[in-house]
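Engineer: Would you mind keeping the following structure in view while I ask a few things?
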Amino acid sequence: MKIGILGATGYTGQELIRLLRQHPDAEIVYLGSSSVAGSAYEKIYPHLYEQSAGVLSDDKKIPALDVLFCALPHGITAARIREFLQTGAKVIDLGADFRLVSAEAYQQWYNLEHPEPHFIREAVYGLPELYREEIKGKAIVANPGCYPTASLLSLVPLLHKGLLRPETIIIDAKSGVSGAGRGANMGTHYAEVNENFKAYGVAQHRHTPEIEQGISRAVGHSVLISFTPHLVPMTRGILATIYAQVEDGVEEDDLRQCWQEKYAAEEFVHVLPQGTWPQTKFAWGSNQVFLQLTLDHRTGRAILVAAIDNLVKGASGQAIQNMNVLFGLPEGTGLKATGIWP
């Protein structure tokens with residue numbers, strides 16, 4: 001497969017290159033960058049020195065491709081989607097332009113009128129463990145956000161079974177600093193982040209409507225949740241701790257069995273043995289997801305915990321998993337790595 005990457009110099013673009021170089025059916029033929037066109041990729045990322053990663057090209061002329069990964073700020077992929085599709089490529093958007101099914105919601109949360117709302121209906125939400133059959137044959141895949149990936153994989157099976165009260169869901173999630181991207185930002189300077197721990201985007205984070213959309217789809221009606229993300233002084237990883245009241249009569253074994261039945265055949269999702277709680281380090285550098293739960297009988301709340309690598313299952317690894325689904329390849333192709341420990 002001939003592969004192109006737009007936004008190749010960001011963290012998710014670099015992670016795509018790292019993973020695709022291990023993919024036996026992928027050939028990276030185009031690396032797009034509007035800011036450093038003409039530079040050798042190893043100049044931007046010297047750890048790839050003498051590995052023939054490629055030369056960055058102006059992103060205004062896209063060659064014929066099988067797959068185009070778009071790791072771009074919101075609004076840019078949508079504005080150029082017609083042009084991208086005309087190359088014959090499947091477009092996998094790692095940004096937010098096609099995640100929300102409502103153009104009005106997109107404008108509300110991203111403060112931008114959607115440039116091509118017609119194409120929202122042609123896109124599919126690319127969370128393979130939940131929507132695998134819908135992804136097959138699509139030309140536009142909206143790669144999920146990192147927080148929604150951890151949250152929806154935890155919640156959707158339990159909500160489908162009617163085990164949780166959706167209106168009681170509270171998501172408390174933490175992310176490493178790489179989730180903010182590579183650009184200079186006061187909030188992610190070393191002196192600001194080191195020895196610090198903070199909430200951000202409180203009651204207004206842009207992943208909120210994406211999570212609510214998935215939950216609402218699972219239960220068949222509109223649901224609002226409380227979601228608060230936090231920034232922790234580490235490079236990679238997401239840990240999501242989720243609280244929800246269980247329905248009357250639901251026991252911990254019911255919750256665990258639901259997860260086990262849903263994910264028994266899934267390569268990347270692991271329901272851990274009782275007593276073993278997920279850690280971000282379990283998933284570091286891999287496409288793996290680690291889940292655990294308990295039922296607090298004192299409060300009647302289920303407590304769910306999920307750990308992923310925000311740059312892999314939360315972004316680039318999942319994008320490659322979606323590519324594998326689109327082209328009928330085993331989903332683990334190029335994604336076999338386990339987490340790096342310690």
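Engineer: Kindly check whether there is at least one residue in the range 271-289 that is in contact with an Asp or Glu (Cβ under 9 Å, 6 or more places away or on another chain) and among the β-branched types (V, I, T).
Structural biologist: For the range 271-289, residues in contact with an Asp or Glu (Cβ under 9 Å, 6 or more places away or on another chain) and among the β-branched types (V, I, T): present.
Engineer: Are any residues in the range 54-106 assigned to a loop (DSSP other than H, G, I, E, B), among the small types (G, A, S), at pLDDT 95 or above and in contact with a Phe, Trp or Tyr (Cβ under 9 Å, 6 or more places away or on another chain), and if so, which ones?
Structural biologist: Passing the criteria: A71, G75, A96.
Engineer: Are any of the residues in the range 114-131 more than 26 Å from R217 (Cβ to Cβ), buried (at least 17 other Cβ atoms within 10 Å of the Cβ), of a type outside the set (F, W, Y) and free of Cβ contacts under 8 Å to residues at least 40 places away in the same chain? Spell out the reasoning first.
Structural biologist: First pass over the range 114-131, keeping only residues more than 26 Å from R217 (Cβ to Cβ): none.
Within the range 114-131, not a single residue is more than 26 Å from R217 (Cβ to Cβ), buried (at least 17 other Cβ atoms within 10 Å of the Cβ), of a type outside the set (F, W, Y) and free of Cβ contacts under 8 Å to residues at least 40 places away in the same chain.
Engineer: What residue, of A319, A307, is touching a residue at least 60 places away in the same chain (Cβ under 8 Å), in contact with a Ser or Thr (Cβ under 7 Å, 6 or more places away or on another chain) and either assigned by TED's automatic domain parsing to the domain that holds L153 or not charged (D, E, K, R) (or both)? Give the derivation first.
Structural biologist: Working: A319 fails: in contact with a Ser or Thr (Cβ under 7 Å, 6 or more places away or on another chain).
Checking each option against the conditions leaves just A307.
Engineer: Within the range 302-330, restricting attention to residues that are more than 13 Å from the chain's Cα centre (by Cα) and more than 18 Å from V156 (Cβ to Cβ), which residue is surrounded by the fewest Cβ atoms within 10 Å (Cβ to Cβ)?
Structural biologist: Checking each candidate, the answer is G328.
Engineer: Please enumerate the residues belonging to the range 280-294 that are under 17 Å from A337 (Cα atoms), touching a Phe, Trp or Tyr at 6+ places or on another chain (Cβ under 8 Å) and not in a loop (DSSP other than H, G, I, E, B).
Structural biologist: Restricting attention to the range 280-294, the residues satisfying the condition of being under 17 Å from A337 (Cα atoms) are 280-290.
This time we only want the ones that are touching a Phe, Trp or Tyr at 6+ places or on another chain (Cβ under 8 Å), so: 281-284, 287-290.
If the condition is that a residue be under 17 Å from A337 (Cα atoms), touching a Phe, Trp or Tyr at 6+ places or on another chain (Cβ under 8 Å) and not in a loop (DSSP other than H, G, I, E, B), then K281, F282, A283, V289, F290 are the ones that fit.
Engineer: Another one. Across the range 13-27, which residue is surrounded by the most Cβ atoms within 10 Å (Cβ to Cβ) among those that are in a helix (DSSP H, G or I) and either among the aliphatic types (A, V, I, L, M) or over 20 Å from the mean Cα position of the chain (by Cα) (or both)?
Structural biologist: Here is the first cut: in the range 13-27, the residues in a helix (DSSP H, G or I) are 13-20.
Okay, now just the ones that are also either among the aliphatic types (A, V, I, L, M) or over 20 Å from the mean Cα position of the chain (by Cα) (or both), so 16-17, 19-20.
Details: L16: 29, I17: 22, L19: 22, L20: 22.
Only one residue fits best here, namely L16.
Engineer: For V91, are the conditions met, namely being surrounded by fewer than 24 Cβ atoms within 10 Å (Cβ to Cβ), of a type in the set (V, I, T) and under 16 Å from the mean Cα position of the chain (by Cα)?
Structural biologist: No, not satisfied.
Engineer: Another one. Looking for whichever is assigned by TED's automatic domain parsing to the domain that holds F69, in contact (Cβ under 8 Å) with a residue 40 or more places away in the chain and in a loop (DSSP other than H, G, I, E, B) here; the options are G137, G162. Which one fits?
Structural biologist: Going through G137, G162 in turn, just one is assigned by TED's automatic domain parsing to the domain that holds F69, in contact (Cβ under 8 Å) with a residue 40 or more places away in the chain and in a loop (DSSP other than H, G, I, E, B): G137.
Engineer: Across the range 170-182, which residue is farthest from D253 (Cα to Cα) among those that are assigned to a loop (DSSP other than H, G, I, E, B) and touching a Phe, Trp or Tyr at 6+ places or on another chain (Cβ under 7 Å)?
Structural biologist: Pass one, the range 170-182, residues assigned to a loop (DSSP other than H, G, I, E, B): 176, 181-182.
Filter once more, keeping what is touching a Phe, Trp or Tyr at 6+ places or on another chain (Cβ under 7 Å): 181-182.
Values: G181: 39, R182: 43 Å.
Ranking the candidates gives R182 first.
Engineer: Among the residues of the range 31-53, write down those that are in contact with an Asp or Glu (Cβ under 6 Å, 6 or more places away or on another chain) and outside any loop (DSSP other than H, G, I, E, B).
Structural biologist: G32, L48
Engineer: Next question, about the same structure. Kindly indicate the residue of the range 164-184 that is of a type in the set (K, R) and more than 11 Å from P229 (Cα to Cα) and also surrounded by the most Cβ atoms within 10 Å (Cβ to Cβ) among those meeting that condition.
Structural biologist: First pass over the range 164-184, keeping only residues of a type in the set (K, R): 165, 174, 182.
Among the residues that remain, those that are also more than 11 Å from P229 (Cα to Cα) are: 165, 182.
Numbers: R165: 19, R182: 14.
Among residues in the range 164-184 that are of a type in the set (K, R) and more than 11 Å from P229 (Cα to Cα), the one surrounded by the most Cβ atoms within 10 Å (Cβ to Cβ) is R165.
The values are calculated or read from the model by the stated rules, or taken from the named source; none is laboratory data. Computed from a predicted structure; not experimentally measured. Ideal geometry is used to build each Cβ from the backbone, glycine not excepted, and the neighbour counts take in all protein chains shown.
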